[in-house]
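Asks: Below is one structure. I have some questions about it.
Values quoted throughout were computed directly from the atomic coordinates according to the rules given, and no laboratory measurement underlies them. Being a predicted model, the structure only gives us computed values, none of them experimental. Here the Cβ is made from the backbone with ideal geometry for all residues, glycine too, and neighbour counts use every protein chain on show.
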Amino acid sequence: MHSYEKVNKLKYETKDSPDKAYSQIKEKARLYMSGYKSKNATVALWLKTFILILLIGVSYSCLLHAHSFGVLLFSFIAFGFVSLLLGINIGHDAAHNCVTGNHKIDNIIFQLIFGLQGLSGYVWKMRHNFSHHIFPNIYDNDTDLELSKLILLSPNEKQMSVHRYQHIYAPIMYMGFSLSWIFYVDFAMLFQKKHANLRLSQIPPVEFLKLFVIKLIYLCIFLVLPVLITGLPVLQVLLAYLIMNIVVSVFLAFTFFISHHVLETKHAEAEYDNTLIKTSWIRHQIVSTIDFSTDSAFGNFIFGGFNLHVAHHIFPDVSHIHYPALTDIIRETLIENDLHWYKSFGFFDGVVSHIALLKKSGRGEFEEAEELVIA
């Protein structure tokens, strides 16, 4: 039994485009995947997992044996950053059940890795899989638009005078991205009933217990043990922990935002009841999503498929190890059909574009949205 119900009736006019681009992409993807045993983890993914876990162990060992603030700070940043990479690369795949393909095992992997970040992940997984992935950039249907009242990303949100300055203060807010999720948002999401197009119900009592246990373990790993074992002053440990979170938060926030919230992507304005998006699912997934650093082997290694986000939205149940090949298939098929939906740029171009979007949206200047009609 699901712990949620869908409260909005929004739907797409059709799954495929009139050009049958989706059918063509799926067929080419099927032929590609026929060369592999499954859509799940390959040797390459397990090797990446081993490398990241090894780096986590080494960096944490260095952290606990630090005898100066410099070593402590470097070790904290390395430990926090590599832990985040494990979440982006392996935890995210596990959330989509494409590491082992076994739902129970993948869910355990997901819960353990998110727990390392200090997060329960229970509500996040439902929000991510059953809201954001279905209706990206659609107000009141995409939970990722429910960031903060201080950040205006959708033309449907209420505009406030302070939003005119969001391109200035938002990047500063992003510095506290991880801390706010660990110590506030994670709690709020579990107690909040409505999440965009979802309404939570029948949350198992054990999830509330797990939430508090995860926080205690996280505090022990990141603060208590470093203070007790290193013997360094508490303020130095707290400062190193804070700086680590700022570094991780900025990286995570921009990785998250530039996949959907930039000048080059589109939003869809939705009515609140019985609405139909007058476009195909495949088109909206592509025009509301953008890739970055597509040809960078290093980018493909660290971003865990977030940089090849179009392929992820079309094939969310496939491991990100396959995204470079699937991205080539998507681009090739769209070019063959003379469809100009796909866009990509560099990571730092994405950062600039996101800030430019904040500036324009803060002034109420939104691009023309996808067309919707009453069903």
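Asks: Pairing the Cα long axis of helix 103-116 with the longest principal axis of the chain, what angle in degrees results, from 0 to 90 and rounded to the nearest 10?
Replies: In the chain, helix 103-116 runs at an angle near 50 degrees to the longest axis.
Asks: How tilted is helix 323-336 with respect to the longest principal axis of the chain? Cα atoms for both, answer in degrees (0 to 90, nearest 10).
Replies: 20
Asks: Assigning unit charges at the beta carbon (Lys, Arg +1; Asp, Glu -1) and nothing else, what dipole magnitude in debye, to the nearest 20, does the chain show about its Cα centre?
Replies: Once rounded to the nearest 20, the dipole reads 840 debye.
Asks: Given the -39500 (n - 2.57) contribution per DSSP H run of 4+ residues, what per-residue ellipticity at 222 nm results for the chain, rounded to the nearest 500 deg cm²/dmol? Intermediate results must be reported in sequence, preceding the final value.
Replies: On the way: 17 runs with 191 residues, N = 375.
Calculated from helices alone, the mean residue ellipticity at 222 nm is -15500 deg cm²/dmol.
Asks: Same structure again: Once you've got the GNM for the chain with C-alpha springs shorter than 10 Å, pick whichever of Gln166, Gln202, Gln236 has the biggest mean-square fluctuation.
Replies: Result for the chain, Cα springs under 10 Å: Gln202 fluctuates most.
Asks: In addition: Report, in degrees rounded to the nearest 10, the 0 to 90 angle that the Cα long axis of helix 21-33 makes with the longest principal axis of the chain.
Replies: The helix 21-33 is inclined about 50 degrees to the chain.
Asks: What percentage of all Cα-Cα pairs in region 1-132 are separated by more than 22 Å?
Replies: Details: 4864 of 8646 pairs.
That tail contains 56 percent of the Cα-Cα pairs.
Asks: Over all distinct Cα pairs, what is the inverse of the mean 1/r for the chain, reported as the Kirkwood hydrodynamic radius in Å? Intermediate values should be presented prior to the final figure.
Replies: On the way: mean 1/r = 0.0460 Å⁻¹.
About 21.8 Å, per the Kirkwood formula over Cα pairs.
Asks: Most fluctuating residue of Phe347, Phe212, Phe135 in a GNM of the chain with Cα springs under 10 Å: which is it?
Replies: Its mean-square fluctuation being the largest, the pick is Phe212.
Asks: Write down the percent of antiparallel bridges among all DSSP beta bridges whose residues are both part of the chain, to the nearest 5. Mind dumping the intermediate values first?
Replies: Working: 8 of 15 bridges.
Bridges in the chain that DSSP calls antiparallel: roughly 55 percent.
Asks: Still on this structure, please answer the following. Kindly flag which residue pairs out of Lys11/Lys104; Lys104/Lys125; Lys9/Lys125; Lys37/Lys104; Lys6/Lys360; Lys11/Lys210 have an alpha-carbon separation exceeding 23 Å in this structure.
Replies: On the way: Lys11/Lys104 30 Å; Lys104/Lys125 14 Å; Lys9/Lys125 21 Å; Lys37/Lys104 20 Å; Lys6/Lys360 32 Å; Lys11/Lys210 35 Å.
Too far apart for the 23 Å limit: Lys11/Lys104; Lys6/Lys360; Lys11/Lys210.
Asks: Take the chain, connect every pair of alpha-carbon atoms lying under 10 Å apart with a spring to form a Gaussian network, then pick out the residue of Val162, Val287, Val248 with the largest mean-square fluctuation.
Replies: Evaluated over the chain, the most mobile residue of the options is Val162.
Asks: Mind jotting down a quarter of the surface of the convex hull over the alpha carbons of region 321-368, in square nanometres, one decimal?
Replies: 4.8
Asks: Rounded to the nearest 0.05, what FRET efficiency is calculated for Ile53 and Leu235 with R0 set to 25 Å and r the Cβ-Cβ distance?
Replies: Values: r = 31 Å, r/R0 = 1.23.
Between Ile53 and Leu235 the formula returns 0.20.
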